[in-house]
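Coordinate-derived values only; no laboratory data. Keep in mind it's a predicted model, so treat the numbers as computed, not measured. Positions of Cβ are generated from backbone atoms using ideal geometry, with glycine treated the same way; all protein chains shown enter the neighbour counts.
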Amino acid sequence: MLKRDRAVWALITPASLWLFFFFIAPLLIMALYSLRPDMRGGLFQWGWTPTLEHYKEGETYLPLLWVSIRVAAGVAFCATLLAYPLAYFLVFRAGPRASLLLILLILPFWTSYLLRIISWKIILGSSGLLNGLLVYLGLVDEPVRILLYSRAAVVVTLVYVWLPFVALPIYAALQRIDKSLLEAAAILGARPWERFLRVTFPLSLPGVLGGFFMVFIPTVGEYVTPLLVGGSKGRLYGNIVDIFFGSGLNWPLGSALALIMLVGVLALVLVVARLVNLRQFVE
C-alpha cells in the first residue's frame, strides 16, 4: 500500500508543479501587477499602494471584449459546422482510407502557424489568388478590398486554423459510438436521417461541445491573426492587451484587462454549461 501511494505521488507531483509554476503562478503575478498604480521602479519594486483604477479604466474596453466574444462564437460555430461532416466522413464513409485522410487533416500542424496565417494574407490580398480568380471570372471589375484587413478576413482565417482542432474531438466521439446501436435502429425501421438525429448526433455531442469550446476560449484572446490579416478594422480585445504589454509599457492595465477577459469568458462558459446541462451528454 505504501509503495502504491509513493507511485501515485511520484506521478502527480511533476504535473502539479508544472501546473503551479506555468499556470497558477503567472495568474497570481498578473493579478498582483493589476493592482499596481504604475510601472515606476521596475518590475520588482515594492512599497506601492494597491489600487483598482485599472479595472475601472478597463470598462472602456468592454464593448471590444463583447465584439471578441461574438467573433469567437462565430468562428467556433463555423468551424464546428464544417468539421462535423468531415469527421463523419472519416468515421463512417472513408473506410481503409481513413488513416491516410486523417494524416492529411493534421498535416497543416507540421508547418508554422505564422506561415499559415501569412499564406491567407496572400490569398485574400488585393492582388491575391481569390481576388485574381474573381476578376478572371468577371464577377468583379476590380479587386475586393474587404477580403483583407477586416473582421471577415479574421473569421475566415481563424476558421481555417481551428478546423482540424474541432474535427479531432468529433472524430474521437464518433468512433466511440457502438455500431450495433445504428444497426438496431435500422432494424426497427429508422431511416438514415432518423438514425443520425436520434443516435449518431446525440452520442457525438460531447465531442461537438468539446471542439466548440476548444476553439471559442482561445479565440477570445487571439491577437496574432487580427494583427496580420485584420488590420485596424479587424482588431480584437487581445490586440489591446498586447499593446499595453508591449509598446504601451503599461503592464498593470494590461494585467487588469487580461483578468477581466479571463473572468468574463469563464463566467460565460459556466452560464452555458448551466443552461445546457453538460452532464446529460457525458453520462
Discussion item. Looking at the chain as a GNM with Cα springs under 10 Å, which of Ala256, Ala73, Ala98 has the largest mean-square fluctuation?
Written reply: Ala98
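Tell me the volume per residue, in Å³, of the convex hull enclosing the alpha carbons of the chain.
224
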Item to complete: For each of Glu222, Glu53, count neighbouring Cβ atoms within 10 Å of the residue's Cβ, then give the residues from fewest to most.
Response: Glu53, Glu222
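Which value in deg cm²/dmol, rounded to the nearest 500, describes the helix-derived mean residue ellipticity at 222 nm for the chain, given -39,500 (n - 2.57) per DSSP H run of n ≥ 4 and division by the residue count? Walk me through the numbers on the way to the answer.
Details: 14 runs with 190 residues, N = 283.
Here the helix-only value at 222 nm equals -21500 deg cm²/dmol.
Looking at segment 127-283 from every direction and averaging, what is the projected area of its Cα convex hull in nm²? Display every interim value, and only then the final one.
Working: hull surface 55.7 nm².
That works out to 13.9 nm².
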Worksheet, complete the sentence: The answer for the chain, counting only DSSP H helices whose Cα atoms cover 18 angstrom or more along the axis and whose Kyte-Doolittle average is -0.5 or greater, is 2-19, 62-92, 151-175, 201-220, 251-276
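For segment 162-214, count the residues as N, evaluate 2.2 N^0.38 Å, and divide the Cα radius of gyration by that value, please.
Working: Rg = 12.3 Å, N = 53, 2.2 N^0.38 = 9.9 Å.
With N residues counted in segment 162-214, Rg over 2.2 N^0.38 Å equals 1.23.
Please give the FRET efficiency for Val272 paired with Ser180, using the beta carbon to beta carbon distance and R0 = 41 Å, rounded to the nearest 0.05.
Numbers: r = 33 Å, r/R0 = 0.80.
With R0 = 41 Å, the Cβ-Cβ based efficiency is 0.80.
Express the relative contact order of the chain as a whole percentage, based on alpha carbon pairs under 8 Å and six or more residues apart in sequence. Let's see the in-between values first.
Details: 291 pairs, mean separation 78.2, N = 283.
About 28 percent, as a whole number.
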Response to the item:
Neighbour-count ranking for Val229, Val271, Val71, Val135 (other C-beta within 10 angstrom, fewest to most) reads Val271, Val135, Val71, Val229
Worksheet item: Which net charge results when you count Lys and Arg as +1 and Asp and Glu as -1 among the other residues whose beta-carbon is under 14 Å from that of Leu147?
Response: +3
